[in-house]
Amino acid sequence: MNKEIRHKMPSELLEEEAKEELTALAEEIKSHDIEYYEDNNPTVDDVYYDGLRRRFETLAGYFPRLPISIEVTQKVGSPPAAGFDKITHSERMLSLANAFDRKEVYEFSERVRRFLRLGPEITLELVAEPKIDGLSASIRYEKGQLVYGATRGDGTTGEDITKNLLTIDDIPKTLTKQAPNVLEVRGEVYMTKNAFEELNASQDASGKSKFSNPRNAAAGSLRQLDPSMTAARSLNFFAYSWGEVSPTKMETHFDFLNLLKKNGFVVNGLTEICSTVDQALLCHEKILNLREQLPYEIDGMVYKVNRLDWQNRMGSISRSPRWAIAHKFPAEQIETRLIQIDIQVGRTGVLTPVGRLKPVKVGGVIVSNVSLHNEDEIQRKDIRVGDRVVIQRAGDVIPQVVRVNQNARSRYSEKFVFPTKCPSCGNDTQRNEGEAARKCVAGLVCDAQAIERLRHFVSKNAMDIDGLGEKQIRSFWNKGWIQNPADIFRLARYRDELAKLSGWGWKSIENLFEAIENSRGIRFDRFIYSLGIPQVGQQTAKLLAENYIDIEHWQIAMVRCTQGDGAAWNLLINIDQIGESVGQDLLNFFNQQRNVDIVTDLAFELNIEVYEIRKTAQSKITGKTVVFTGTLVAMGRAEAKALAEKLGARVSSSISQKTDYLVVGEAAGSKAKKAEQLGVSILSEQEWMAMLDGETP
Ligand SMILES: [Zn+2]
């Protein structure tokens with residue numbers, strides 16, 4: 001496939017492009033998985049692999065309707081290889097989500113706090129530990145005796161490597177002190193740097209091929225069908241987690257690690273409890289500096305929520321627990337020449353500088369474009385055309401410039417001057433206070449913006465109008481036939497003129513008008529998405545549709561927000577996963593009269609359906625509408641809402657005749673009274689919890 005597509009932001013991709021890319025990504029991830037897990041011989045580095053995964057997840061999230069490879073989303077690792085017996089893990093072995101910079105660690109902590117509804121006064125303790133670059137294993141003990149041990153495999157089923165694990169000194173064969181009846185210890189089998197050097201020296205001496213890194217050596221040594229081969233290799237084990245445990249009396253992750261230590265396991269000595277994110281980040285910095293001196297390889301830090309009751313409440317999402325994150329160390333960096341800087345104008349008028357590079361290989365792929373983000377970035381790094389630049393591919397597959405090699409700069413080079421006129425329409429550009437982006441102020445008068453917006457409007461996941469591609473839109477735009485999205489539905493008035501244009505036969509004209517007519521009936525969430533409001537992708541559009549149900553209610557609510565109606569604004573930003581930043585973009589959109597007119601105009605031309613909630617599960621509350629009010633004690637509002645939705649209920653923020661249950665927490669306001677008047681069932685939080693008891697999402 002065309003690797004260039006990967007440099008595009010998801011919002012710039014058409015669904016077909018995304019589909020093509022997702023398929024290609026899935027193929028590539030699967031092939032690397034096989035190299036890594038089955039052949040123990042990866043051909044790309046972790047940073048590159050993580051980038052692929054992250055890109056995959058971003059796209060899959062952005063285009064939820066596209067079929068995606070279950071193998072890639074659910075599997076961690078690979079199926080057990082032939083030759084080993086299989087062991088089904090009593091609890092799935094998950095892998096961790098990644099953070100690639102400090103900002104993402106802060107975001108992780110914010111997510112945890114929001115989910116658990118922790119006020120700023122409550123300390124969120126994180127346990128920080130180095131992320132060992134080895135091979136995960138799970139070891140089961142019953143009544144203090146080692147019963148079996150397994151590789152992670154695909155997360156559900158692993159290989160029985162009991163005999164091999166028994167050869168590792170760090171793994172106790174019997175437990176003594178306060179060991180739970182059943183205990184599955186999880187950790188990392190690794191090889192020290194010294195043992196790796198020695199092994200390679202002896203491989204070399206005996207004419208065998210060398211291992212490329214300690215992890216491959218550890219994996220190759222552990223997965224020997226003959227355990228005496230494993231015994232001959234020097235392997236170690238760090239315990240860091242557990243699967244099934246019964247009974248469990250521990251309250252924190254750290255206590256549990258201590259219990260493991262008391263039972264003879266080796267727990268990494270650099271493990272620390274951090275009471276703030278900043279402390280965890282200091283830990284990251286400290287250990288990054290220690291990295292070279294450590295006797296084993298690490299590739300980042302792991303932060304875990306210390307309180308186990310909180311871990312349980314948070315649970316996991318697809319392949320990763322919500323309560324932990326791996327903060328990776330920085331990526332591979334390569335130097336190359338910057339040949340040119342182009343400025344692209346996007347749908348919202350943002351001028352994005354793109355660097356054209358002398359193609360170079362980073363982390364296994366050829367990179368020829370680099371996003372330069374915005375003019376400040378160019379200014380700050382003093383990036384000039386002709387410079388030699390150090391680039392890296394961090395978490396994203398989108399590469400970036402780390403710095404300029406000043407020593408290699410030509411004495412004749414000139415500072416890059418960011419254009420103040422739009423390169424597409426020639427109009428003025430503007431930067432708002434506090435914003436990094438320079439935007440073309442011409443709005444829909446700017447060809448680039450208007451065309452990009454119309455293109456988005458008719459795209460597959462939006463209005464899905466066949467026969468209106470970029471070329472047609474550009475041509476109709478130039479003729480002045482289409483200036484606003486709603487003009488598309490009045491295009492019939494140019495039918496005769498259209499027939500005179502070359503390339504338009506009567507059949508293609510028929511088809512076009514049929515496609516336009518057919519698109520008049522549109523799902524509410526798709527309509528919202530089609531407006532192309534910044535940050536409002538398909539997911540967000542769906543959330544808005546679920547909460548406002550139909551166009552009238554939404555439009556009224558949005559206009560109220562622009563008029564400073566605090567209640568309407570609070571409703572909006574308290575929708576789970578929406579928040580202030582998206583709210584602000586919606587506000588900006590509806591603050592422009594032209595946009596309000598466009599929406600009104602479209603509402604007139606279209607038949608926008610009332611949104612229907614998809615049923616997700618069968619439970620006592622499936623299909624019911626629930627309203628929460630007041631402060632909930634047992635769980636936060638977001639968590640209560642997520643649970644109710646998982647059980648198939650619709651959670652609304654206001655009482656109406658459609659409401660089935662009002663759940664009243666502490667310090668509830670006037671909703672109970674209204675519910676009473678409407679005859680809605682009112683439940684206390686305890687009654688609500690009792691009703692859901694036994695229901696599983
Ligand atoms: Zn412009």
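The values are calculated or read from the model by the stated rules, or taken from the named source; none is laboratory data. Values in this document were obtained by computation on a predicted structure and should not be read as measured data. Don't worry about glycine lacking a Cβ; one is built from the backbone with ideal geometry, like all the others, and counts go over all protein chains shown. Note: areas computed on protein heavy atoms with side chains; ligands, DNA, RNA excluded. Shrake-Rupley method; radii C 1.70, N 1.55, O 1.52, S 1.80 Å.
Side notes on the structure shown:
- Cα-based reach from residue 86 at 26 Å (exclusive), listing lysines while leaving out same-chain residues under 8 positions away: 30, 75, 143, 163, 173
- Helical content of the chain, expressed as a calculated mean residue ellipticity at 222 nm, amounts to -11000 deg cm²/dmol (DSSP H runs of 4 or more residues, -39,500 (n - 2.57) each, divided by residue number, nearest 500).
- Total lysine pairs in the stretch 332-440 at Cα distances under 23 Å, for residues eight or more apart or on different chains: 8.
- The chain - Cys residues lacking any other Cys C-beta under 4.7 Å: 274, 283, 561
- Cut-off under 5 Å, modelled amide H: who pairs with residue 369 long-range: 357
- Across the stretch 525-532, coupling constants 3J(HN,Hα) worked out from phi with the 6.51/-1.76/1.60 Karplus curve, θ = phi - 60°, read 5, 5, 4, 4, 4, 5, 5, x Hz, and Gly and Pro carry x.
- Radius 11 Å from Cβ of residue 164, net charge of other residues (Lys, Arg +1; Asp, Glu -1): 0
- In order along the stretch 403-419, phi translates into HN-Hα couplings of 6, 9, 7, 4, 5, 9, 7, 6, 5, 8, 5, 10, 4, 6, 9, 6, x Hz, rounded to whole numbers, per the Karplus curve 6.51 cos²θ - 1.76 cosθ + 1.60 with θ = phi - 60° and x for Gly and Pro.
- Amide hydrogen proximity for residue 298: with H placed 1.01 Å from N in the peptide plane, the residues at 5 or more positions away or on another chain lying under 5 Å are 133.
- By average C-beta atoms within 10 angstrom, highest first, the peptides 557-569, 666-678: 557-569, 666-678
- Reach of residue 658 by Cα under 26 Å, taken over lysines that are not fewer than 8 positions away in the same chain: 542, 615, 620, 624, 641, 646, 671, 673, 674
- Excluding ligands, DNA and RNA, the accessible surface per residue across the chain is 47 Å² with a 1.4 Å probe.
- For q = 0.14, 0.16, 0.24 Å⁻¹, Debye-computed log10 I/I(0) when each Cα of the stretch 394-502 counts as one equal scatterer: -0.79, -0.91, -1.27
- Most to least packed among 639-645, 356-362, 586-592 [average Cβ atoms within 10 Å]: 639-645, 586-592, 356-362
- Globularity ratio of the chain, using Cα Rg and 2.2 N^0.38 Å: 1.09
- Carbon-plus-sulfur accessible fraction, the chain (probe radius 1.4 Å, protein heavy atoms only): 48%.
- Charge sum, other residues only, whose C-beta stays under 10 Å from residue 84's C-beta, Lys/Arg counted +1 and Asp/Glu -1: -1
- Rounded, prolate or oblate (a/c below 1.5 giving rounded, otherwise prolate when a/b exceeds b/c) for the stretch 98-328 by Cα gyration tensor: oblate
- Amide H contacts under 5 Å for residue 402, placed H, 5+ residues apart: 390, 391, 392
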